[in-house]
């Protein structure tokens, strides 16, 4: 049975509802989202496969999730490195970056070079609100992620993919197929084009909200903040 | 070897530093603190021992940690009930309470009655900033927690205990010995009077901060937000 998906428009409405009537702050939601991503990376890439994690951070909320994930990964014993070329002036993102600096996590400017000495990549460039063209400097970064043999974990969406229609037909991202996807709250329609390991994270959705948006609260186990589901959104 | 402890004054300074130069928001820290507590409860009281968890919530940050823990416990499949007699007007606490209401978590006014039909109690009344007298309506609540056979988990300090000197010599709390203690960031001096299962939580302290305050970052495992240490603060 295919998992129900959430359109880009519905995902935006859900986030807005969580932060208005749901009474969550963005700080809280991003902390839990990033924690989910860190747990998925730990699951697919245990520390003994290599500690070095390169996190590609975009300018919006997907990037913020990546910054939080990097901090938790650092506490687990990984050695994250951050590529964050378009730093937001938003107070929350600035604070998340400072928290990493206080853990001596390095920020680098040259993604292709950093990619040559990492064991895993987290793609936190664009999420469900992406549409249109990939802007500079990200085309080369996505191209590098498409071509590398280093495994890549994408947050919510492989960056450059259309949220409804999946990989672009041509150009940047058309050959980008990350190994792992962490869908936050619920999968987006693009999952039907995704063939790797697929997790759902974001264990804060109430049954009432899930019902309203037409999906089920995933069957998380124990204290896990993630649950693995089948590729393409099929249940395991 | 005894774990190093953090005085009430040092714990307050540490919190202040995390939220100023450390760039954390209270939302973030409380989310991670409450998550730690929820994981400790899951560890000592697995769901098959009974789903009903009564959370006694005080008016300050210790209470806020309890509200967050209750939410996570609800997501794990427990059935928390909240006793929260002195509701704060603080925006964050109001939002944390709303998040529980949206999960249909009941709030009750009568602690002794609620205690008769619960499987575990979380004591989130007072934390490291407590000193002096226990004010109404909490003396009877602490007395009930002291007398019950239901296991009790305290957050950071058994409520009514002096942070440096442990249980009061007489009166309210003098016979209160909770089964479990979750020390946040680092144990407080009172742990030397505590004989139950002891966890440390709050996996957000940087090595630099720990060194500055004279303690070690605990040896957390995997993605755990808690680590069990020996009773009285001894290492296991």
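The values are calculated or read from the model by the stated rules, or taken from the named source; none is laboratory data. Please read these numbers as outputs of a predicted model, since none were measured by experiment. Neighbour counts are summed over all protein chains in view; Cβ atoms, including those assigned to glycine, are modelled from backbone coordinates with ideal geometry.
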For this session: Might you let me know whether the range B:178-193 holds any residue that is assigned to a loop (DSSP other than H, G, I, E, B), under 12 Å from the mean Cα position of the chain (by Cα) and within 14 Å of another protein chain (Cβ to nearest Cβ)?
Result: yes
Seminar exercise, completed: Flagged in the range B:41-67 as in contact with a strand residue (DSSP E or B) (Cβ under 6 Å, 6 or more places away or on another chain) and either within 10 Å of another protein chain (Cβ to nearest Cβ) or within 12 Å of residue B:120 (Cα to Cα) (or both), in numbering order, are B:41, B:44, B:45, B:51, B:52, B:53, B:54, B:55, B:56
Exercise. Is it true that residue A:105 is in a loop (DSSP other than H, G, I, E, B) and touching a strand residue (DSSP E or B) at 6+ places or on another chain (Cβ under 8 Å)?
Worked result: yes
Exercise. From the set of residues in the range A:42-70 that are under 16 Å from residue B:225 (Cα atoms) and crowded, with 24+ Cβ neighbours inside 10 Å, which is nearest to the chain's Cα centre (by Cα)?
Worked result: A:69
For this session: Select from the range B:91-122 the residues that are free of Cβ contacts under 8 Å to residues at least 24 places away in the same chain and over 21 Å from residue B:176 (Cα atoms) and list them in ascending order.
Result: B:91, B:94, B:95, B:98, B:101, B:102, B:104
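Consider residue B:146 carefully, then state whether it is within 14 Å of chain A (Cβ to nearest Cβ), closer than 30 Å to residue B:4 by Cβ and at pLDDT 95 or above.
Working: within 14 Å of chain A (Cβ to nearest Cβ): no; closer than 30 Å to residue B:4 by Cβ: yes; at pLDDT 95 or above: yes.
Judged against the criteria, residue B:146 is not a match.
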Exercise. If a residue has to be assigned to a helix (DSSP H, G or I) and out of contact with any strand residue (DSSP E or B) (no Cβ under 9 Å at 6 or more places or on another chain) to count, how many in the range A:132-143 make the cut?
Worked result: 3
For this session: Among the numbered conditions (1) more than 14 Å from chain A (Cβ to nearest Cβ); (2) at positive phi, tell me where residue B:110 comes up short.
Result: (2)
Exercise. Looking at (1) at positive phi; (2) surrounded by fewer than 24 Cβ atoms within 10 Å (Cβ to Cβ); (3) within 14 Å of the chain's Cα centre (by Cα), which is the only condition residue A:156 fails?
Worked result: (2)
Exercise. In this structure, does residue B:92 turn out to be over 27 Å from residue B:149 (Cα atoms) and buried (at least 24 other Cβ atoms within 10 Å of the Cβ)?
Worked result: no
Exercise. Which members of the range A:158-184 meet the condition of being closer than 24 Å to residue A:16 by Cβ and in contact with a helix residue (DSSP H, G or I) (Cβ under 6 Å, 6 or more places away or on another chain)?
Worked result: A:159, A:161, A:163, A:164, A:182, A:184
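Given the criteria within 24 Å of residue A:29 (Cα to Cα), touching a helix residue (DSSP H, G or I) at 6+ places or on another chain (Cβ under 8 Å), at pLDDT below 95 and assigned to a loop (DSSP other than H, G, I, E, B), does residue A:217 qualify? Lay out the reasoning, then the answer.
On the way: within 24 Å of residue A:29 (Cα to Cα): yes; touching a helix residue (DSSP H, G or I) at 6+ places or on another chain (Cβ under 8 Å): yes; at pLDDT below 95: yes; assigned to a loop (DSSP other than H, G, I, E, B): yes.
In short, yes.
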Exercise. In the range A:159-177, what residues are surrounded by fewer than 24 Cβ atoms within 10 Å (Cβ to Cβ), at negative phi and part of a loop (DSSP other than H, G, I, E, B)?
Worked result: A:163, A:164, A:165, A:167, A:168, A:169, A:170, A:172, A:174, A:175, A:176, A:177
Exercise. Mind checking which residues of the range B:5-31 are surrounded by fewer than 19 Cβ atoms within 10 Å (Cβ to Cβ) and either at the interface with chain A (Cβ under 9 Å from one of its Cβ atoms) or in contact with a helix residue (DSSP H, G or I) (Cβ under 9 Å, 6 or more places away or on another chain) (or both)?
Worked result: B:7, B:17, B:19, B:21, B:26
Exercise. Only one of these conditions is not met by residue B:90: (1) under 28 Å from residue A:201 (Cα atoms); (2) within 14 Å of chain A (Cβ to nearest Cβ). Which number is it?
Worked result: (1)
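Would you check which residues across the range B:146-158 are in a loop (DSSP other than H, G, I, E, B) and under 14 Å from residue B:183 (Cβ atoms) and list them? I'd like the intermediate steps shown before the answer.
Initially, the range B:146-158 is screened for residues in a loop (DSSP other than H, G, I, E, B), giving B:148-151, B:156-158.
Residues satisfying the conditions are B:156, B:157, B:158.
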